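Okay, so here's the structure we're looking at.
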């Protein structure tokens, strides 16, 4: 057979033969004619260190210094792999934490946002099989490094819309430097301007009731007409999808192939929990960046709790891109196989030779399969192995359950900050912190605890699958309970309830003569009545001094004042209960992930692990990760009460119907979760004979399945 680079080239002999020098443990390459087909084996001589030396050394080409070789072990790889997973996780959660700010900056709806960020899934659908197959047969650490470089490039692409389009006129008009230049609502404002530049800037943004105001005919927000920023975001997500695909489809199998199977659960628990550190840090990082104004060199006169605040969403992508590029170098230095793995394979080949010397050929068949098989990659083999994976019932049902679970969870992953802003009236900064800190931390505890318990007590595949069934139905109950948790919102003076729903009504008898501008949402709150007005002008206010807006004709008492921003009181107790339940379910969810990962790895033939994961990523991308954000984005848009406008169409949504959102959002997620739990029941039924911990028993399981198939 044709060997991979670094192996001795030559044709295999037609039969299995031992050299006369068996005592020296030297075997010729061989083929076993079996059931009309050829099983290609790598015998002991193909594992000789002189042939495999290059594949077990750290470094590049001729740069393989001796001091570097001490790092060629599973512990170092796990540390670097986990570090990269942390940074990858930061990228995902940073996107989630800044998504509402991106919507606000480029005036896009939630559904459009779902389409734009779907580029990640599009690339995974296109390339999952090809990259999973060829990457799995190649130098996996270097393929992973290429993937991480793709992710780094995606980060820089994501920041580029700010480089080319800047902060935008809306944001600039909220600064002391630009407010008097970009927007003067009152044509006669110059005569009312105070001498203090800061106060003048502030006053220019408080649209007061003025009978003398001259309104422009084109009273609409032009926004950013170009769709190029959205194209940049889509392309960046497309590129990032390739990086994520290579990283996760090759990294896990590489680690699993280089450790003993009894140690896998604990290692999976450690690496998975470390991966969750990434999303936590990403949300915190997003919060820190959003506290910085989108243009850091300018001075905004509004605070972060103002709904018009636009933070520096682009800043974090530059930092993450640099970190990914640096760490990609380290992962690329690892060898194709770790030295101890080659030693373990060598011992397996020695055992094979000894058994061949004392037993018949048929008695060693289970051991034959313990030797890693290296074959030349070809597309026909891809089709054959994909068909085998689809016909594997455990793998099929496990992937279907995962698909529905992820479809349900994608709404929370993508829109949790927006959900917290809408239902519990948290600011964008607070929502980013809470989304990361609560839930993910407890999920890490669940992962570590379950990894330790599984390694110690080695529960059967059926016990682990049964636990996942319980988790699934518990999730359904919790999501249904979320429909009852939320804050009572303030009253909206500008919305009128009709038979067709809520309609926008900005004119009333108290502000008819105010000539208010309707294109800018600048809310003010009457704390006494807990009522929100579209702007100070729409509240009929005529006076602004020392930060106080007064003389408002639309208030119950003329002496009352209004404050800038929403009536953001929140509901602390209900919010704490929600966070507690969310943390609890994340803890339970984390306890089931290691078991599910073990079943995923053991229910397929060892040589198909990378391809199986890549196929799963492709399927999940096509049927969950791609349509999920679009569906849940549509749910958000369907309950919008107040749309921002641009000339010729809608902009971003400013206000949502919280009660409708709670029911539609959570019940939709509960329905998908229930379907996933049903498929988990089928997984539980079919895993009764699957061994998760004994490598030889697992291989014997696959031999028995193959024999049963041949008898049919």
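Each value in this text was obtained by applying a stated rule to the coordinates, not by laboratory testing. Worth saying up front: this structure is predicted, and the values here are computed from it rather than measured. Heads up, the Cβs are rebuilt from the backbone with ideal geometry, glycines too, and the neighbour counts pull from every protein chain shown.
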Handout entry: Over region 632-681, relative contact order from alpha-carbon pairs under 8 Å, at least 6 apart, %
Key = 30
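Report the gain in length on full extension from residue 548 to residue 508: 0.36 nm times residue separation, minus Cα-Cα distance, nm rounded to one decimal.
Values: separation 40, 0.36 × 40 = 14.40 nm, distance 2.30 nm.
In short, 12.1 nm is gained.
Show me the ranking of peptides 586-595, 169-178 by mean Cβ neighbours inside 10 Å, starting with the highest.
586-595, 169-178
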Handout entry: Computed FRET value (nearest 0.05) for residue 66 with residue 292, which takes r as the C-beta separation and R₀ as 45 Å
Key = 0.45
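Give the peptides 486-494, 443-451 in descending order of average Cβ contacts within 10 Å, highest first.
Values: 486-494: 18.7, 443-451: 22.3.
Peptide ranking by packing, descending: 443-451, 486-494.
When only C-alpha pairs under 8 Å and at least 6 residues apart count, what is the relative contact order of region 276-343, in percent?
29
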Fill in the blank from the handout: Relative contact order of region 465-557 (C-alpha contacts under 8 Å, at least 6 apart) in percent is 20
Problem - Listed peptides 64-76, 398-410 by packing density, highest first (mean Cβ within 10 Å) - result: 398-410, 64-76
